[in-house]
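As structure tokens, the structure follows; a few thoughts come after it.
Just so it is clear, none of the values below were taken in a lab; they were calculated from the coordinates. Predicted model, so just to flag it, every value in this text is computed and none were measured. Using ideal geometry, Cβ is built from the backbone for each residue, glycine included, and neighbour counts are taken over all protein chains shown.
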Amino acid sequence: MIEPTGDDATTMAPAGYRPRVVDAEVGRALGAAGWLVLEGPRACGKTWTGLRFARSAIRLDTDVDARTIGAVEPAALLEGASPRLIDEWQMLPAVWNHVRHACDAGSGRGLFILAGSAQPADDMTRHTGAGRVRRIRMRPMSLFESGDSSGEVSLAGLLNGEPCRAARPAAGLRDVAAMLCRGGWPGQLDLPLPEVQQNLRGYLSEVARTDVRRLEGQASHRPGGVERLLASLARNTATEASNSTLASDVEPEPLHRHSVRAYLEALRRLFVLEEQPAWSVRLRSRAVLRTSPKRHLADPSLAAAALGADPDRLMSDPSTLGLFFESLVVRDLRVLAQPLDGRVFHLRDAAGREADAIVECPDGRWLAAEIKLGGPDAVDAAARSLLRFAAELQSDRLDQRSALVVITAVGYGYTRPDGVRVVPITALGP
Ligand SMILES: Nc1ncnc2c1ncn2[C@@H]1O[C@H](COP(=O)(O)OP(=O)(O)OP(=O)(O)O)[C@@H](O)[C@H]1O
Ligand SMILES: [Mg+2]
């Protein structure tokens, strides 16, 4: 059995590798499961994180010989020191079963790391020995990982009910607008913003032209339709827009609802679209709870690029800035909650009581957050709204409550006299 040491001297860790929140989870999974699958949108860092832990690697996207050999004899691709990274494995889907057989045959752990940016169409990846494979979701970097958050306030600490305190961050609102336009793409952190935004427009059209077609098959696929749907998703970021709203919002002419459904499914499987489900909970008043998910692109920078929005334009359009900021915070909460196995929901009832984000752990602990750009009045209103919402909960859920939190773009971090925590996103860490 090979125990991952995480020792850079013996793995293929690329020079300049910045630590990821997911690293600890990958290390643990290699010690506990036969093999693991790293999945997430293009360019979020899967290959580098795979290499960080691998002792040998094969890349099916760039290595034509490997693909040729693998097409005849997939087992040949499996030979090498473990953990062995098989990158872009979905280019040769037969690899899946070979890896599975190799791992099911023995009791070895941490044998393979498969990385890929698309979930294959058929369901073969579901047929796997229970407990032998671990799926780990990767996302673009959170502000903590890109070095834009001090991490002074720990999400785990908030979920443990700890009070919080953070110095006033150096970043102002326009800086935060620039961070969300730049996004958490690890390969683009050092580029000037206009270059990043141009690359992201290219990214979106590549998704529309190539990636969706690969999943969808040629016949029904219109790249222009997918690109226009991406713009519609961007305009509806962090909202519960229905499929028909999205379809009718596609410019210049609406898309057919069947196309919308198929394209949304493809974008989900490419990890470009990620939904934030509604929290299921019972309220005292039995008020009707909304059940529709909110929609987000994988990173707020994609929404900004799709709409051609730069920081100056966002500063003059506070409502769009507010929704994109909400999307940024949800991305970060997802990344930071992942080591705790936490999931991110939203909640809204028919009477308009809401929480922009709920983070819930498997043991039942949860926190509710309102996401606001900042300003004392907005923070005060958000805190009161969270307290009103909490008063509506059944007592069993109230007992499990960890915290009510207002997450802001700017300002200090502190605990209010009413117990509500106020945390700037540039201070939030794991
Ligand atoms: N942890 C990291 N620290 C520093 N830079 C990173 C890190 N991870 C990725 N990068 C940078 O980002 C680039 C893209 O990362 P990577 O190739 O790992 O993404 P990917 O998810 O495998 O993308 P694709 O889906 O296109 O294969 C890398 O070439 C590297 O420059
Ligand atoms: Mg890769």
Dipole magnitude of the chain about its Cα centre (Cβ charges: Lys, Arg +1; Asp, Glu -1), debye to nearest 20: 800
For the chain, modelled as a Gaussian network with Cα springs under 10 Å, which listed residue fluctuates most, 262, 15, 66? 15
Return the percentage of antiparallel bridges among DSSP beta bridges fully within the chain, rounded to the nearest 5 %. 35
Integer Hz, Karplus 6.51/-1.76/1.60 couplings in order for the stretch 13-18, x for Gly and Pro: 3, x, 4, x, 5, 8
Based on the Cβ-Cβ distance from residue 285 to residue 363, what FRET efficiency comes out when R0 is 25 Å, to the nearest 0.05? 0.40
Taking the mean number of other Cβ atoms within 10 Å as a proxy for protection, how do you rank 166-173, 226-233 from highest to lowest? 226-233, 166-173
If R0 is 22 Å, what FRET efficiency do you get for residue 206 and residue 268 from their C-beta distance, rounded to 0.05? 0.80
Just to confirm my numbers, what's the Cα centroid distance between the stretch 173-214 and the stretch 267-328 in Å? 17
Just to be sure I understand: with springs between alpha-carbon atoms less than 10 Å apart, which residue in 247, 76, 368 has the highest mean-square fluctuation in the Gaussian network model of the chain? 76
Report the calculated FRET efficiency for residue 24 and residue 56 (r = Cβ-Cβ distance, R0 = 22 Å), to the nearest 0.05. 0.45
Length gained if residue 156 through residue 174 is fully extended, taking 0.36 nm per residue and subtracting the Cα-Cα distance, is 3.7 nm
What is the distance, in nm, between label points placed 7 Å from the Cα along the Cα-to-Cβ direction at residue 193 and at residue 396? 4.9
For the chain, whose charge dipole is built from +1 on Lys and Arg Cβ atoms and -1 on Asp and Glu Cβ atoms, the candidate among 258, 50, 426 with its Cα farthest towards the positive end is 258
Evaluated at 4 °C and 1.567 mPa s, the Stokes-Einstein D of the chain based on the Kirkwood radius over Cα pairs, in µm²/s, stands at 57
Starting with the highest mean, order 416-429, 354-367 by the number of other Cβ atoms within 10 Å, averaged over the residues of each peptide. 416-429, 354-367
Using only the alpha-carbon atoms, what does the stretch 23-137 span along each of its principal axes? Please give whole angstrom values in decreasing order. 33, 32, 29
Give me a comma-separated list of calculated 3J(HN,Hα) values for the stretch 158-167, in order, Karplus coefficients 6.51, -1.76, 1.60 applied at θ = phi - 60°, integers in Hz, x for any Gly or Pro. 4, 6, 8, x, 6, x, 9, 8, 8, 5
For residue 114, residues with placed amide H under 5 Å, excluding near neighbours: 36, 37, 38, 86
Checking understanding here: applying a Kyte-Doolittle mean of at least 0.5 and a length along the axis of at least 20 Å (C-alpha), which whole DSSP H helices in the chain pass? 318-337
Relative contact order, percent, the chain [alpha-carbon distance under 8 Å, six or more residues apart]: 18
